[in-house]
Amino acid sequence: MSQDQNRKARLARTDVSEDHPLVTEHDPTTERTSRLVEEIKETADKFARDRATRGDLKIVSRALRELRYAFKVFTPYRRDRKVTVFGSARTSPDHPAYQASLAFGKRFADAGWYVVTGAGGGIMEGAHVGAGRKMSMGLNIMLPFEQESNYVISNDEKLVNLKYFFTRKLMFVKEVHAVALFPGGFGTQDECFETLTLIQTGKRELMPIVLVDEPGGSYWKDWQQFIIKQLEKNGLISPADHSLYKITDSIDEAFDEIMNFYCVYHSMRYVKDKLYFRLHFEPTEELLEELNTNFADIISSGIIERVDAHPQEADEEHLAHMPRLAFNFNRRDMGRLRQMVDCINDSFDACAVTWSPDD
């Protein structure tokens, strides 16, 4: 297989629309789902017993209503791939960063990905212009200023208006398969560190994060220097944490970073004390030996093994056929875990010849 054919195969194999783990997580028919609805009702009753203040109840009520509606909007699209794009609302259309976001949005929409933004102007508008109305989704925050949704997504059924940043942030990270950040102000930095924190602490499963500069730009390169000087050198993060994100000024490179993440690796799930990796391809003995040698530092006990689907994964029947690796992860070194995923994905060349787009 030629290098170009191999690259196309890698990218084509990243179609997670039919079997992404988000699908069964939201199955409304299970008995456990009914029990959770009852627990929500019980919690509401406890607010009355606790004599909660009107102000507290307003926050809870509004947040619950916002999330309910947001989930309703996103549910029909949960089998579709999505990328969140963050960036400044103040970037003008003639700015190179705006043009880069436009190219980014178009590239992913052409590949069948929905582009999710804060629905505002600037970078958000650029990404939506590139994606087009059909492939755009929006999470607009209602502010005294900068609160109007951009003309691409305005009045679209895929637009959600939210009062609270925390409900909005949840949707930005929970509902997507990747995050891209372009230059921006306090809000963009907040969203950057929020996303990195959720991944680093294991509160959100691994996904690709790309920090995209305009061609020749230095916004994220300068940010990186701060991270190295003040965080890494002072021991506030580990060197491996840099693997949780990629800095680039190339739309092609950003695109490949996201798409290649899913070329062999599919998803992960904890079952009791073990972490299960679901893969698109059966891992070879050579890969297994390499992983056990190079990543022994993040295994709390035992070794990395090939396994079948665990009985507790029965609620994800659509993933039952997938090859798996399982091991006792220390649940701490997420940067190293991301490096393991990269190692697994890099093994594709060894098995690419056995796979065709018709599989």
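Please treat every number below as a calculation from the coordinates, not as lab data. All values derive from a computational prediction rather than experimental measurement. Cβ atoms come from the backbone with ideal geometry, glycine included; neighbour counts cover every protein chain shown.
Observations
- Approximating the spin labels as points 7 Å out from Cα along Cα→Cβ, the LYS274-to-THR33 distance works out to 2.8 nm.
- Taking the fewest neighbouring Cβ atoms within 10 Å as the starting point, the ordered list for PHE145, PHE261, PHE193, PHE104 is PHE145, PHE193, PHE261, PHE104.
- Under 12 Å from LYS134, Cα to Cα: aspartates and glutamates that are on another chain or at least 8 residues apart: ASP110, ASP156, GLU157
- Fraction of antiparallel bridges per DSSP, region 208-359 only, in percent to nearest 5: 85 percent
- Over 33 Å [Cα-Cα, the chain], rounded percent: 33 percent
- Taking HIS318, HIS280, HIS128, HIS95 and counting other C-beta atoms within 10 Å, the order from fewest to most: HIS318, HIS95, HIS280, HIS128
- Positive-end ranking of ASN234, PHE145, GLY185 along the dipole of region 77-261, with charges on Cβ about the Cα centre, is headed by PHE145.
- For region 26-134, trypsin sites (Lys or Arg not before Pro) are listed when DSSP marks them as loop and at most 14 other Cβ atoms sit within 10 Å of their Cβ; the list is ARG51, ARG79, ARG90.
- Listing ASP56, ASP213 from fewest to most neighbouring C-beta atoms within 10 Å gives ASP56, ASP213.
- Length-normalised contact order for region 195-263 - Cα pairs under 8 Å, 6+ apart - percent: 45 percent
- Sequence-distant lysines (8 or more away, or on other chains) whose Cα lies within less than 17 Å of LYS41: LYS58
- Straight Cα distances below 24 angstrom link LYS229 to the lysines LYS221, LYS246, with same-chain residues fewer than 8 positions distant left out.
- Whole-angstrom gap from region 109-147 to region 271-303, using each part's C-alpha centre: 38 Å
- Beta bridge orientation in the chain: antiparallel %, DSSP, nearest 5: 45 percent
- Label zone of SER238 (point 7 Å out along Cα→Cβ, amide N under 15 Å): in region 291-322 this covers 294-301.
- Point-charge dipole on Cβ atoms (K/R +1, D/E -1) for the chain, about Cα centre, debye to 20: 1600 debye
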